[in-house]
Structures are given as structure tokens and as C-alpha cells.
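Asker: Submitted below is the structure of interest, expressed as C-alpha cells.
Please treat every number below as a calculation from the coordinates, not as lab data. Please read all numbers here as calculations on a predicted model, not as lab measurements. With ideal geometry, Cβ positions are generated from the backbone for all residues, glycine too; neighbour counts draw on all protein chains shown.
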């Protein structure tokens, strides 16, 4: 279900017809007005599933927020991923909202550059100026990403080299290829469970 605001070009949409949290709506409207964006077409969600449907692909859980311009619909879209925002940090939500709307403002002004380094680049300093947040508040706005454990152990049939992966896939042994010119496809060994000590030496 879409939730329209009094600004008819802005639409909030959530899973299962739910409503976007009022604090998100209020901050979006406040910074949208300050950045002169209220007359632009914009879709907003806090759901990675909804955002992924708009983009036609899966959205990583590591995203704190995201902006994209959808050329096929001639509208912009913003994700505010509440699960990644550290709500115990002052101004955390405000910082993420302001940053994504700054990306939109830049895009409309013809500046399509990406981040050089989150929390340390020109965008971070502009967010600080806009929100009054300190650089420490900007850099601590998101909950740290927990690294996924390795789930698969692949073995080279030629040299018995072990390779640890978080996802399944199809790979060849690079050292063997460089030495022999042949591609030895790695196979999953279900009997080998990666230990933390072994995972520390992953290449």
C-alpha cells in the first residue's frame, strides 16, 4: 500500500501495506524542504524488499540507506534501512536521511559522483554542516556489520588446496591454472568444516 503525503510527488511504501514510521516521514519532509526537493518525484521506503522490487534486485542488509534514480520511471527512490541504524546514537536517523537526500540533490544538480569513503569524504562534511552533527556522530550512525561465517570449504582436485567461501558458487584453482594452464574446478567437501584458525588464512 502506498502512503502519499500532502506533497503529491512523494510516496512512502512499506511491506504489507504498513505505514512508514512518522519520525522518518517528518525528517524526510524537513530535509526535503531544506534541500528544495519537495517538487521532485520520489519513492521512499524502510523496507529492503520493497526497495529491491523497485530496482529489480536483492538489496544487501549492510546498506544503512540508499539513493537511486530510476530512469525507467523517471523518479528517484530512497531506502532508509532502520535495522542498520544505531538508534542509541543521537542524530543517527537524521544523518542517514540527510545523506540520502543530499545524494538526490547532487544527482538532480548533475553531480553523479559516489562516496570516496563513508564518513570521511566531502559528503560526510556536508551532512555535518546540514544537520549540525559531529563527525563522530556521522561515523557511528550505523550498527557495525557482522561478518558472515564461512559456510563452504572448496578443495582443488589437483593440489588439494582449500578455499573458504561464504556463498556457494563455481570457482577454479588459480595457482594450478597459473602453473598448468588448466582449469581445475573446485568442489565442495561436505566433510570439512572450517575452523576459525583456518578461516584466518583465507585468500
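Asker: Can you compute the FRET efficiency between residue 177 and residue 16 using 1/(1 + (r/R0)^6), with r the Cβ-Cβ distance and R0 = 41 Å? Round to the nearest 0.05.
Answerer: 0.25
Asker: Do the sum for the chain: with -39,500 (n - 2.57) for every DSSP H run of n ≥ 4, divided by all residues, what is the mean residue ellipticity at 222 nm, to the nearest 500 deg cm²/dmol?
Answerer: About -9000 deg cm²/dmol.
Asker: How much length, in nm to one decimal, is gained on full extension between residue 147 and residue 165, taken as 0.36 nm per residue of separation minus their Cα-Cα distance?
Answerer: Full-extension gain reported as 5.3 nm.
Asker: Could you state the angle between the C-alpha long axis of helix 92-108 and the longest principal axis of the C-alpha atoms of the chain, as a value from 0 to 90 degrees rounded to the nearest 10?
Answerer: It works out to around 80 degrees.
Asker: Okay, moving on. Which semi-axes, in whole Å and largest first, does the equivalent ellipsoid of segment 2-139 have when worked out from the alpha carbon gyration tensor as the square roots of 5 times its eigenvalues?
Answerer: Working through the eigenvalues yields semi-axes of 21, 17, 15 Å.
Asker: Another one. Give the whole-number value, in cubic angstrom per residue, of the convex hull volume spanned by the C-alpha atoms of segment 25-91.
Answerer: With only Cα atoms used, segment 25-91 gives 88 Å³ per residue.
Asker: Note down the nm distance, to one decimal, between modelled labels 7 Å out along Cα→Cβ at residue 73 and at residue 113.
Answerer: In this crude label model, residue 73 to residue 113 measures out at 3.0 nm.
Asker: Rounding to the nearest 10 and keeping the result within 0 to 90°, find how far the Cα-based axis of helix 22-34 lies from the longest principal axis of the chain.
Answerer: 70 degrees
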